[in-house]
1. Condition first: of a type in the set (Val, Ile, Thr) and open to solvent by less than 10 Å² (accessible area, probe 1.4 Å). Can you find one or more residues in region 54-63 that meet it?
2. Evaluate region 118-127: report whether one residue or more is of a type in the set (A, V, I, L, M, F, W, C) and either within 16 Å of the ligand (Cβ to nearest atom) or open to solvent by 80 Å² or more (accessible area, probe 1.4 Å) (or both).
3. Return the only residue of 51, 109 being open to solvent by less than 40 Å² (accessible area, probe 1.4 Å) and in contact (Cβ under 8 Å) with a residue 60 or more places away in the chain.
4. Might you let me know whether region 20-39 holds any residue that is in contact (Cβ under 8 Å) with a residue 24 or more places away in the chain, at negative phi, part of a strand (DSSP E or B) and out of contact with any Leu (no Cβ under 9 Å at 6 or more places or on another chain)?
5. Listed residues 11, 75; which is within 14 Å of the ligand (Cβ to nearest atom) and either assigned to a loop (DSSP other than H, G, I, E, B) or surrounded by fewer than 15 Cβ atoms within 10 Å (Cβ to Cβ) (or both)?
6. Can you pull out every residue in region 78-91 that is surrounded by 18 or more Cβ atoms within 10 Å (Cβ to Cβ), among the aliphatic types (A, V, I, L, M) and outside any strand (DSSP E or B)?
7. For residue 98, all conditions in the list (1) modelled with pLDDT of 95 or more; (2) more than 18 Å from residue 70 (Cβ to Cβ); (3) exposed (fewer than 15 other Cβ atoms within 10 Å of the Cβ); (4) not hydroxyl-bearing (Ser, Thr, Tyr) hold save one; what is the number of the exception?
8. How about region 17-44: which of its residues are open to solvent by less than 50 Å² (accessible area, probe 1.4 Å), within 12 Å of the ligand (Cβ to nearest atom) and either under 15 Å from residue 115 (Cβ atoms) or not hydroxyl-bearing (Ser, Thr, Tyr) (or both)?
Amino acid sequence: MSVIAVGADHAGWQLKEDLKAWLTRNGHQVLDFGTHSPESVDYPDYASQVAESVAASKAERGVLICGTGIGMAMAANKVAGIRAAPCGDAFAARMSREHNDANVLALGARVTQRDTAIEILRIWLETAFAGGRHTRRVEKIADLERRTRPAWSAGEPA
Ligand code: RB5
């Protein structure tokens, strides 16, 4: 069992409910950051909560759903330590884990069918990071994050 943080905007909330049910049935603990209705909301508000919970190790992985998965991934990737992958098929899901050690999965409810989304999620959760040469590359992403982060956000005196 693992703790999975989930979040969605109005375009993704129904799929979030379906994925949440699947996660619970499959023995995961779900931290649901909303949204909880089809009322229009702003996806960065949900991406930030899920990404920050993963970055703070309150959840092992995160799943974000908007219309395309693109906005959620863009917003989540602004949080230090997050590697969010927008995945539209099983191959991308597997590669995002094996090669990129993705810790957040972004899905698009307007472009991916429910059953496909569940299959993507299942594969994404089951696939381990391959390590080896990919470790060096993921470390280079972390270096880039450190080099480009403003000093004030790292708690350093201005
Ligand atoms: C909302 O209409 C839509 O822009 C949002 O769900 C998402 O697709 C953004 O990337």
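The values are calculated or read from the model by the stated rules, or taken from the named source; none is laboratory data. Keep in mind that what you see is a predicted model, and the values were worked out from it rather than measured. Using ideal geometry, Cβ is built from the backbone for each residue, glycine included, and neighbour counts are taken over all protein chains shown. What goes into the accessible areas is simple: the full protein's heavy atoms, side chains included, and nothing from ligands, DNA or RNA. Shrake-Rupley method; radii C 1.70, N 1.55, O 1.52, S 1.80 Å.
1. So in region 54-63, the residues of a type in the set (Val, Ile, Thr) come out as 54, 63.
Right, trim to open to solvent by less than 10 Å² (accessible area, probe 1.4 Å) and you get 63.
Checking region 54-63: at least one residue is of a type in the set (Val, Ile, Thr) and open to solvent by less than 10 Å² (accessible area, probe 1.4 Å).
2. The answer is no; no qualifying residue exists.
3. Only one candidate qualifies: 109.
4. So far as region 20-39 goes, yes, one or more of its residues are in contact (Cβ under 8 Å) with a residue 24 or more places away in the chain, at negative phi, part of a strand (DSSP E or B) and out of contact with any Leu (no Cβ under 9 Å at 6 or more places or on another chain).
5. Answer to the check: 11.
6. So the first thing to find is which residues in region 78-91 are surrounded by 18 or more Cβ atoms within 10 Å (Cβ to Cβ), and the list is 79, 82-87.
Filter once more, so that each one left must be among the aliphatic types (A, V, I, L, M): 79, 82, 84-85.
Scanning region 78-91 gives 79, 82.
7. If we test residue 98 against (1) modelled with pLDDT of 95 or more; (2) more than 18 Å from residue 70 (Cβ to Cβ); (3) exposed (fewer than 15 other Cβ atoms within 10 Å of the Cβ); (4) not hydroxyl-bearing (Ser, Thr, Tyr), just (3) comes out false.
8. 41
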